[in-house]
Amino acid sequence: MTLDHWQAIKALPQIPLTSLFEKDAGRVANLGLEQAGIYFDLSKTHLDDNAIQAFRKLADAMSLSVKANALFAGEPVNISEGRAAEHGAERGTGNPASVDNAAMLHQRMKSLIEVIETGVLGDFTQIIHLGIGGSALGPKMLHQALRLGDEKYELAVVSNIDGAALEPVLERFTASKTLLVIASKTFTTAETLLNAGAVLDWMREDGITDPLGQVVALTADPDQAVEWGVDETRVLPFSESVGGRYSLWSSIGFSVALALGYEVFEDLLAGAAMMDRHFQETPLAQNIPALAAFADQYYAQVRGCETRAVFAYDERLGLLPDYLQQLEMESNGKSVTLEGEPLELHSSPIVWGGVGTDAQHAVFQLLHQGTHLVPVEFLAVIEPGDSLDPAHHQGLLLNCFAQGAALMAGKKSDDSHRNYQGDRPSVTLLLESLDARTIGALLAFYEHRTFVNAVLLNINPFDQFGVELGKQMANALAADDGNPLDASTEELKNRAFGPGQ
Ligand code: F6P
């Protein structure tokens, strides 16, 4: 059944982008869609009415709207773990009991922020937020995007087990002024707990007698945090049904809410809720996350694109590609269908990227003339994030727009070295301003797009068993239980630590 739909999609005529514009004067109006302060320009993709129609049929055959309803209703859509995926409930969209629970936990978080603000727990002006993956990437990205630089709290997000990440923070920070925030859904992650122990030692060495009194824990396993030593009153739980890479909306957002103000966190949730409503209520032909996913699938399955590149033409959004890598690759990097059968389509593209204009002078050569076809995503913000001569911001945006135009138009030359093939697709997201509400909508857009991609692929985007084996092997290597791993790995270990270590 769906094979027919994929065949219809693969049989679509491959019309060059410039011809699509010539044929349809309304193309920009139809594929330039606005929502929650963001203009999404999908007109420089190869989607046209026929392609959209073909993908709508596929989406219907894959029961997209039924599956979206199940997601928001809190049904156990994460079938391999028998769990719901209720990040929507964190922003008020979903199963009423889960929405109420999330609101109650947010209130608890707000109350703790108010207590910290009174100073009774200590005279804190610095926050070390420890976490990794979904427990770090969102808070770090958001803080970089929204900080103005004049906040009361200095925030350092540390994730890596590499001591070179934590040490400079400890050298810079003052133990008595530091609030330690330990963010871990499971509260078992080795990197985070090792770093947490190191921060407590640092506090003790500085003469602090009760370092655990300066700790807040953000987790879906509060008992584990209490057992580790965190006082229950400073444990901020979130629901087990909120996945790590979808958890910024839960208490995992605590450090940002404290550093930038709780109202910033509320705006983030409100922006995401706007996108939730758009995704739930808009027909597929105008549904922005769905259309973006249609383009993703078109390039992955029809044009054989293995990667998608994301360039933020705004320094403040410099960590967005990292965040999206986890969201998309950990969600949709799977080899089996929901039924556990081999996936016969390409799973998530490899997401990579950087900031413009820097990337133009480093990697854009391949985008313009390489043999790989790479769909590109540009992000830019109309309101500047700096107060220098407006020439800076104008130059930034003009470069962004010019790159999309050049990729599409190309330029013919008799000299093959100087020939630009063109017909290379891009999507541009133009944000009116970079505020919490707009970022909330932006991230929710990416979540829903990831979900639609998973539905079209018939995979489960909410588990991540692929990361477990490496963790087990690291533990086995550390345990050195007399069961050596392969000869190459043993040699590496011997060279690093000496034989028998
Ligand atoms: O190893 C992958 C992963 O489980 C991610 O899914 C998660 O975001 C990250 O590790 C951190 O996990 P935790 O929040 O439980 O410490």
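Considering the stretch 439-488 alone, what residues qualify as being open to solvent by less than 50 Å² (accessible area, probe 1.4 Å), in a helix (DSSP H, G or I) and of a type in the set (V, I, T)? Of everything in the stretch 439-488, those that are open to solvent by less than 50 Å² (accessible area, probe 1.4 Å), in a helix (DSSP H, G or I) and of a type in the set (V, I, T) turn out to be I439, T450, V452, V455. When each of L105, L112 is tested for being within 29 Å of L319 (Cα to Cα) and open to solvent by 20 Å² or more (accessible area, probe 1.4 Å), the lone residue that passes is L105.
Yes or no, residue by residue, for (1) crowded, with 21+ Cβ neighbours inside 10 Å; (2) touching a residue at least 40 places away in the same chain (Cβ under 8 Å); (3) part of a loop (DSSP other than H, G, I, E, B):
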| position | (1), (2), (3) |
| --- | --- |
| A272 | yes, yes, no |
| H278 | no, yes, no |
| L291 | yes, yes, no |
| Y298 | yes, yes, no |
| G304 | no, yes, yes |
| R308 | yes, yes, no |
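Out of the stretch 71-83, which residues are of a type in the set (G, A, S) and under 15 Å from D276 (Cβ atoms)? Scanning the stretch 71-83 gives A73, G74. Annotation: of all residues in the stretch 203-221 being open to solvent by 40 Å² or more (accessible area, probe 1.4 Å) and in a helix (DSSP H, G or I), the one that is nearest to Q464 (Cα to Cα) is L212. For beta carbons closer than 7 Å, sequence separation of 6+ or different chains, a first residue in the stretch 183-197 that is near the ligand (Cβ under 6 Å from one of its atoms) and a second that is open to solvent by 30 Å² or more (accessible area, probe 1.4 Å) and in a loop (DSSP other than H, G, I, E, B), the qualifying pairs are T186/D221; T189/I132; T192/I132. Please determine whether any residue of the stretch 116-130 is under 26 Å from E447 (Cα atoms) and either open to solvent by 50 Å² or more (accessible area, probe 1.4 Å) or within 16 Å of the ligand (Cβ to nearest atom) (or both). Among the residues of the stretch 116-130, at least one is under 26 Å from E447 (Cα atoms) and either open to solvent by 50 Å² or more (accessible area, probe 1.4 Å) or within 16 Å of the ligand (Cβ to nearest atom) (or both), which makes the answer yes. Of everything in the stretch 131-153, what is more than 16 Å from the ligand (Cβ to nearest atom) and within 23 Å of the chain's Cα centre (by Cα)? Give them in sequence order. Residues satisfying the conditions are H143, Q144, A145, L146, R147, L148.
Each row is one residue, and each column tells you yes or no for (1) under 24 Å from the mean Cα position of the chain (by Cα); (2) assigned to a helix (DSSP H, G or I); (3) surrounded by fewer than 19 Cβ atoms within 10 Å (Cβ to Cβ).
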{"site": "Q365", "(1), (2), (3)": "no, yes, yes"}
{"site": "V374", "(1), (2), (3)": "yes, no, no"}
{"site": "L379", "(1), (2), (3)": "yes, no, no"}
{"site": "G385", "(1), (2), (3)": "yes, no, yes"}
{"site": "D389", "(1), (2), (3)": "no, no, yes"}
{"site": "Q394", "(1), (2), (3)": "no, yes, yes"}
{"site": "L398", "(1), (2), (3)": "no, yes, yes"}
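Contact map, the stretch 240-253: residues that are under 16 Å from A441 (Cα atoms) and touching a residue at least 60 places away in the same chain (Cβ under 8 Å) paired with residues that are in a loop (DSSP other than H, G, I, E, B) and within 11 Å of the ligand (Cβ to nearest atom), Cβ distance under 6 Å, separation 6+ or inter-chain. Pairs shown: S250/F238; S250/V242.
The values are calculated or read from the model by the stated rules, or taken from the named source; none is laboratory data. Because the structure is predicted, anything quoted here is derived from the model rather than measured. Methodologically, a virtual Cβ is constructed for each residue, glycine included, from the backbone with ideal geometry; neighbour enumeration extends over all protein chains shown. Please note that ligands, DNA and RNA were not included when accessible areas were found on the heavy atoms of the full protein model with its side chains. Shrake-Rupley method; radii C 1.70, N 1.55, O 1.52, S 1.80 Å.
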